[in-house]
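Read through the structure below, which is laid out as structure tokens, and then see the notes.
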Amino acid sequence: MKKLRLILGDQLNSQHSWFSETDKEVTYCLFEMRQETDYVTHHVQKVVGYFTAMRNFAAELKKANHSVVYFHINDTKNTQSLVENLALLIEAHAIEKFEYLSPDEYRLDEQLKTFTNDLTIDSGVFSTEHFYTEREDLATFFKGKKTIFDGTFLSQYAQKTSNTNG
Amino acid sequence: MEHFYRNMRKKHQILMVDKQPEGGKWNFDASNRKKWKGDTLIPQEINFDTNVEEVLSDIKKAGIKTIGEINPKYFEYPISRKQSLAQLTYFCEHLLVHFGDYQDAMHTDKIYLYHSRISFAMNSKIISPREVVETVLETYRKENNTIDISQVEGFIRQILGWREYMRGMYWMLMPDYKKENFLDNKNTLPAFFWTGKTKMNCLKNAIHNSLENGYAHHIQRLMITGNFALLTQIHPDQIDAWYLGIYVDAIEWVQLPNTRGMSQFADGGKIATKPYVSSGSYISKMGNYCDACAYKKTKKFGDDACPFNTLYWNFLDEKQEKLSSNFRMKMMYSVLNKMSSEDRSKIKEKANHIIENLDAY
């Protein structure tokens, strides 16, 4: 089954289980996009850092015999939009399944959820295998406890901690 | 966060001896608040020789609007796994030994002090928090004659505790969190946040560091720029945009809870127990900015009074209705309420002048 796997700029985890074996049916994609450079005015070193790290990551994947599609910021085929770039590749490579890693940003999470809901092919979402905790773990941790929002708990807690200033 | 952190220590058996915290305490915060006075030699930060001229020219050609400065011949941040691991090793071998002592210190000549600068490598996920924590622990086991547990615990708390906690809060509280403005702040950030052109030496330094390096360490972000933005009652949307843009390590999941919650108290106390505000004297306790400043940290009134002092009391006065019931604010409010009404109106008048003319200060 031909798969397309998305790697976002802040998902450069070379130790991820995705990369433990090569598969001719799997194409990885990374995009430099105006969608990501323009949602806020970034420091020049931030844009340079992400693009450079992404380019290096793509080169290392290729060296390890993975198939990679990389869109540079000025490539003519680059639509500058995440979902349009994905749609383009799904069509061009006759992709049968789209997979992505759980984004850490709400905006991208929503965008990819909408995109995959509308897709006619199968899709799957995987952990980035980066953090100690999963996204929902904290909510579970607070469940059944006097929560952070409880004033009583807060004031008792305040006396015990020293993360303070004056 | 403390409960979550202890739970994480237990769950992952980090700095634990059976069921007890190693060193007999969960938290060595009290040993993590030294001012750096030149008494230790701070090693030069690790540098890389990545030439990024081609990437920079692509960005310019695309017409992407950016802020800040760059030396494209020697890029400051690690961009590969190899460089990231080298940065981590460098931290463990050279900086960890004093990290905890000076983690909240600030100094005009020392941009990085003993900070690891690994936040970009971590937030881009080039290296994982497990690798970071394990490498730090290995160093500590090998060097436990020279490295004290307070240095190690102080660092691990940031990674295993705060970083995971903030991400959890983000996912628990989004999307509403992004709209919170508990203190009803509405003012506009001054232009000097993008130029560093201010006579307040602490802000000048913290902002210049940020523009030059895309970096400021935690306490500069919290005690200088964040504190000032809160005291001048800037709208949290503007503060978010500034922090999210200017720092190389800033991604919304980490920036938003830190800015809107920890720094600006715009969530009304879901993350911090009280607003992080301070006057000039507290800034002076943690750094040397006040020494060469145009303003006097000891003065509340007059042209050369430190604006943080005036703004601090004015902030408490203005937000009394929302904050005076906060247990941790009681002491400050009792001081404020003992002040003469004449002094209070003098403060208000001066604070209004500052807030209306921020770029003149």
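Here, each number is a calculation from the coordinates, and none is a lab measurement. These numbers were taken from a predicted model, which means no experiment stands behind them. Don't worry about glycine lacking a Cβ; one is built from the backbone with ideal geometry, like all the others, and counts go over all protein chains shown.
Among the lysines of chain A, pairs that are 8 or more positions apart or on different chains and have alpha carbons within less than 22 Å of each other number 22. For chain B, a Gaussian network of Cα nodes joined below 10 Å ranks B:Ala216, B:Ala206, B:Ala191 by mean-square fluctuation, and the top entry is B:Ala191.
Adding -39500 (n - 2.57) for every DSSP H run of four residues or longer, then dividing by how many residues the protein assembly as shown holds, sets the calculated 222 nm ellipticity at -12000 deg cm²/dmol. The aspartates and glutamates whose alpha-carbon is closer than 17 Å to the alpha-carbon of B:Lys330, local same-chain residues fewer than 8 away aside, are B:Asp317, B:Glu318, B:Glu321. Legend: ranking of residues B:Met169, A:Met33 from fewest to most surrounding C-beta atoms inside 10 Å; resulting order A:Met33, B:Met169. The stretch B:219-270 and the stretch B:55-74 have Cα centres separated by 25 Å.
Our analysis of the protein assembly as shown gives Rg over Rh at 0.97, with the two radii drawn from alpha carbon positions and Rh computed by the Kirkwood formula.
Of the GluC sites (Glu not before Pro) found in the stretch B:106-170, those that fall in a DSSP loop while having at most 16 other beta-carbon atoms within 10 Å are B:Glu143.
Loop-located GluC sites (Glu not before Pro) across the stretch B:1-79 with a Cβ neighbour count of 15 or fewer within 10 Å are B:Glu69, with loop assigned by DSSP. What fraction, in whole percent, of alpha-carbon pairs in chain B exceed 34 Å separation? Cα-Cα pairs in chain B separated by more than 34 Å: 28 percent.
Report, to the nearest 10°, how far helix A:151-160 tilts away from the longest principal axis of the Cα atoms in chain A, using its own Cα long axis and a range of 0 to 90°. Tilt relative to chain A: about 80 degrees.
For A:Ser123, nonlocal amide neighbours, meaning residues 5 or more places apart or on other chains whose placed amide H falls under 5 Å from its own, are A:Phe98. Of all DSSP beta bridges confined to the protein assembly as shown, the antiparallel ones make up roughly 10%.
Inter-chain neighbour count for A:133-140: the average number of beta-carbon atoms from partner chains within 10 Å of each residue's beta-carbon is 6.
Annotated for the stretch B:103-207: lysine pairs at least 8 residues apart or interchain, Cα distance under 26 Å, count 8. The smallest convex shape that holds all Cα atoms of the stretch B:229-361, its convex hull, gives 128 Å³ per residue. Among the lysines of the stretch B:229-297, pairs that are 8 or more positions apart or on different chains and have alpha carbons within less than 24 Å of each other number 4.
Rounded to whole numbers, the Karplus 3J(HN,Hα) couplings from phi for the stretch A:8-13 are 7, x, 9, 10, 8, 8 Hz, using 6.51 cos²θ - 1.76 cosθ + 1.60 with θ = phi - 60°, and x at Gly and Pro. Of the chymotrypsin sites (Phe, Trp or Tyr not before Pro) found in the stretch B:1-97, those that fall in a DSSP loop while having at most 14 other beta-carbon atoms within 10 Å are B:Tyr74.
Debye-formula intensities of the stretch A:3-136, expressed as log10 I(q)/I(0) at q = 0.10, 0.17, 0.19 Å⁻¹, are -0.31, -0.97, -1.25 (one equal scatterer per alpha-carbon, no solvent). What whole number of Å gives the distance from the Cα centroid of the stretch B:95-155 to the Cα centroid of the stretch A:2-78? Here the answer is 29 Å between Cα centres. Each of B:Ile224, B:Ile239 has some number of other Cβ atoms within 10 Å of its Cβ, and from fewest to most they run B:Ile239, B:Ile224. By other beta-carbon atoms within 10 Å, ranking A:Thr116, A:Thr22 with the fewest at the front produces A:Thr22, A:Thr116. Shown here are the Rg and Dmax of the Cα trace of the stretch A:66-122, at 11.9, 30 Å. When both the stretch B:307-358 and the stretch B:170-210 are represented by their alpha-carbon centers, they are found 20 Å apart. Please check: in the Gaussian network model of chain B (C-alpha springs, under 10 Å), which one of B:Tyr282, B:Tyr114, B:Tyr295 has the largest mean-square fluctuation. Its mean-square fluctuation being the largest, the pick is B:Tyr282. For B:Gly287, the amide hydrogen comes within under 5 Å of the amide hydrogens of B:Met106, counting only partners 5 or more places away or on other chains and with H modelled in the peptide plane.
Taking θ as phi - 60° and the Karplus parameters 6.51, -1.76 and 1.60, the scalar couplings of the stretch B:32-47 work out to 9, 10, 7, 8, 8, 10, x, 7, 10, 8, 8, x, 4, 5, 6, 10 Hz in sequence order, x denoting glycine and proline.
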